[in-house]
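**Q** Structure below; questions to follow.
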Amino acid sequence: MERTLPLEIDTDADENISGQLWMVHGGGFYHVEKQKIPKIMPRTLHWFKWESALTWISGLSLLIIVYYMGGLMLEADSELTETAAGFMGAGILAIGYIVYYLLWKLPLGNNEIIGSIFSFLLIIAFFIGLDQVFSSRAAMMHIGAIFGTIMAANVWLTILPAQRKMIASAEKREPPDMSLAVKA
């Protein structure tokens with residue numbers, strides 16, 4: 001059962017708190033606060049990096065087993081070999097991330113609405129292009145794999161480096177660069 005809670009921060013929260021969340025899970029209630037500068041640094045800090053990596057690795061493994069090794073990449077009348085299709089598919093994942101990264105680093109990406117519309121159109125273009133070469137199912141699976149690659153790469157290449165810098169500042173008892181929080 002979901003119960004929508006008000007979005008405002010508790011009135012008794014100090015100005016260091018920039019967000020709060022109440023959760024119920026596993027028979028308990030949890031209160032999470034987003035602190036601008038941590039009051040104390042915990043001995044153990046949980047990062048959600050391995051979950052991201054394992055999800056991407058397992059998805060990529062399934063893509064390789066089912067599509068690249070399972071003969072589902074191409075239509076029966078295709079002139080392309082399964083090996084060539086596999087290399088193309090892997091290349092598309094890298095190209096998809098590079099296009100995404102460049103799009104959101106360009107001034108176009110500063111406007112979320114325009115960047116989102118452009119991203120949507122690019123995904124449609126990717127699918128149309130992939131559908132000309134691969135089977136339709138393989139083309140759609142690669143669209144999903146592009147999304148997974150983008151998400152995992154963002155965790156490892158953008159979010160974690162920014163968070164490491166913020167943690168280093170907090171450990172020195174210096175205010176972290178909040179522009180890094182926007183990246184993360």
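**Q** Could you check the stretch 35-49 and list, in sequence order, the residues that are modelled with pLDDT under 80 and surrounded by 12 or more Cβ atoms within 10 Å (Cβ to Cβ)?
**A** Scanning the stretch 35-49 gives Gln35, Lys36, Ile37, Pro38, Trp47.
**Q** Please go through the stretch 21-32 and pick out each residue that is closer than 22 Å to Ala162 by Cβ and modelled with pLDDT under 80.
**A** Once the filter is applied, which keeps residues that are closer than 22 Å to Ala162 by Cβ and modelled with pLDDT under 80, the stretch 21-32 yields only Leu21.
**Q** Tell me which of these Asp77 doesn't satisfy, since it passes every other one: (1) outside any helix (DSSP H, G or I); (2) modelled with pLDDT under 90; (3) of a type outside the set (Gly, Ala, Ser).
**A** Failing condition for Asp77: (2).
**Q** I'm checking my understanding of the structure. Among residues of the stretch 150-177 that are hydrophobic (A, V, I, L, M, F, W, C) and over 20 Å from the mean Cα position of the chain (by Cα), which one is surrounded by the most Cβ atoms within 10 Å (Cβ to Cβ)?
**A** Ala170
**Q** Taking the options Glu82, Glu112, name whichever one is at pLDDT below 95, charged (D, E, K, R) and under 12 Å from Ser135 (Cβ atoms).
**A** Only one candidate qualifies: Glu82.
**Q** With respect to Tyr67, is the statement that it is of a type in the set (Ser, Thr, Tyr) and in contact (Cβ under 8 Å) with a residue 60 or more places away in the chain true?
**A** Against the criterion (of a type in the set (Ser, Thr, Tyr) and in contact (Cβ under 8 Å) with a residue 60 or more places away in the chain), Tyr67 qualifies.
**Q** Tell me, please, whether a residue that is more than 19 Å from the chain's Cα centre (by Cα) and small (Gly, Ala, Ser) can be found in the stretch 95-113.
**A** No, the stretch 95-113 has no match at all.
**Q** Only one of these conditions is not met by Ala53: (1) in a loop (DSSP other than H, G, I, E, B); (2) loosely packed, with under 15 Cβ neighbours inside 10 Å; (3) touching a residue at least 24 places away in the same chain (Cβ under 8 Å). Which number is it?
**A** Result: Ala53 fails condition (1) only.
**Q** Let me ask you something else. Exactly one of these conditions fails for Ile95: (1) modelled with pLDDT of 95 or more; (2) in contact with a helix residue (DSSP H, G or I) (Cβ under 7 Å, 6 or more places away or on another chain). Give me its number.
**A** (2)
The values are calculated or read from the model by the stated rules, or taken from the named source; none is laboratory data. The model shown is predicted, which means the values in this text are computed figures rather than measured ones. Every residue, glycine among them, receives a Cβ derived from its backbone with ideal geometry; neighbour counts consider all protein chains shown.
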